[in-house]
1. Can you tell me, using C-alpha contacts under 8 Å and at least 6 residues apart, the relative contact order of the chain as a whole percent?
2. For the stretch 227-275, state which trypsin sites (Lys or Arg not before Pro) are in a DSSP loop and have at most 15 other beta carbons lying within 10 Å of their beta carbon.
3. In whole Å, what is the distance between the alpha-carbon centres of the stretch 58-125 and the stretch 35-52?
4. Taking the solvent-accessible surface of protein heavy atoms with a 1.4 Å probe, what is the per residue accessible area of the stretch 232-388 in Å²?
5. Specify which residue in the list M1, M284, I112 is farthest towards the positive end of the charge dipole of the chain, using unit charges on the beta carbon of Lys, Arg (+1) and Asp, Glu (-1), about the Cα centre.
6. I need the GluC sites (Glu not before Pro) found in the stretch 328-380, filtered to DSSP loop residues with at most 16 other beta carbons within 10 Å of theirs.
7. Run lengths n ≥ 4 of DSSP H only: what is the helix-derived mean residue ellipticity at 222 nm for the chain, with -39500 (n - 2.57) per run over all residues, to the nearest 500?
8. Hey, what did the stretch 261-380 get for relative contact order, percent, Cα under 8 Å, at least 6 apart?
Amino acid sequence: MKIRSITPYLFNPRSGKNLLLVRVESDAGIHGWGECYTSLRKEQVVETFVRCMAPYLIGRDVHDLRHMWRILFDDFAIRRNSVDLSCAWSGIEIALWDIIGKACDRPVHQLIGGRQRSRVRVYANGWAEGAGGIDDICEAARQVVAAGYTALKWDPYQGPWRTVASRADVEHAVACVKAVRAAVGPDVDLLIDAHRRVGPQQAIEFARRIEEFGILQYEDPSLADNIDLVAQARGQLRVPIVCGETFYSKEQFAGLLEARAADVINPDVCACGGILATMELAAMAEPYAVLFSPHNNNSTVVGLAATAHVSLAVSNFLIAEYFVNLQPACDALTATPLKIENGWLALPDRPGLGIDIDVEELRRWPYEDFAAKRLRLPEDESPRVRQA
């Protein structure tokens, strides 16, 4: 079975960013869907990578996944990897697994080792988008818990990214975590995302102050480009540290694991090379007693399905990400949306990824540029007044 065409589709869910789906068709008349991770205002960059890579893959056997990525890395990229290259390949690779599963009349998880669990626990993210002060965040948290979610993640910091946050920003972040815990009660798991915002000393101080609120995961406490910064924080904390969202290669994850920098890794199946690569990363973490909690700032159709198949199959799975703000638009794309019940996803045993996309409906949600956020000016660098 050969690849006949590769077509990227940018999709605007009216929230967050544009998403990028990929449809691959085979000469056997079987098509598959994949998804590439995108970041705001760089969506078209990844789309261009997909279009430029496609001519090198047309006519190749859909089963030769490892070799296709190898020639793209070796010969197309001249052994110069990048996140955009990896995201583009991820979408194609996921679509190829969808085709292979359909051809075998088997769900993908049965082709990558079979289930190690019957369902996948998810945590809600994206629920705080647009919330203003702490009171708004607490109300949004109560609503998402009322919808059935038993775990939620958000970034309690305010203001711009910086290595040293102002005292007002740190106090606001601590107050936000305390207030959300009070709002949702003791039985909901809280996951904190610091987005690589501060240096190790402030990361340590913040984590120690929120420890009493029962934190399931503390993600990216410091810039992971220098993994020793994250290791420095982890060595002095009892809150589980998550790292790996910004990584996309085995070499990067090897350095993370060797540095003992994390209790949990969170690669994104739509960014780190697809389903096979994500399985390998989870396996790399096992000997270090490191858990797997996949990042998934992708659609609640294709990206979620790919994440869920891997999560069913790996040994060290903990919990997966789910962006609730993307669900309404994504549900419109398919006749069989994936459903979350009481914080869990049970995948249907349909062949391939188990989903399909209505192309005509997809075309009704075309790319639209999201407004550029304001980047700070020199006069913004003075300490800010605390905001409730």
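1. 21
2. Listed in order of number, the matching sites are R238, R260.
3. The two parts, judged by their Cα centres, are 17 Å apart.
4. 42
5. M284
6. For GluC sites (Glu not before Pro) across the stretch 328-380 that sit outside H, G, I, E and B with at most 16 neighbouring Cβ atoms in 10 Å, the list reads E368.
7. Computed ellipticity for the chain at 222 nm equals -10500 deg cm²/dmol.
8. Relative contact order comes out at 21 percent.
The values are calculated or read from the model by the stated rules, or taken from the named source; none is laboratory data. This is a predicted model, so every value here is computed, not measured. Note that we place each Cβ from the backbone using ideal geometry, even for glycine, and neighbour counts take in every protein chain shown. The accessibility values were calculated without ligands, DNA or RNA, using every heavy atom of the protein model including side chains. Shrake-Rupley method; radii C 1.70, N 1.55, O 1.52, S 1.80 Å.
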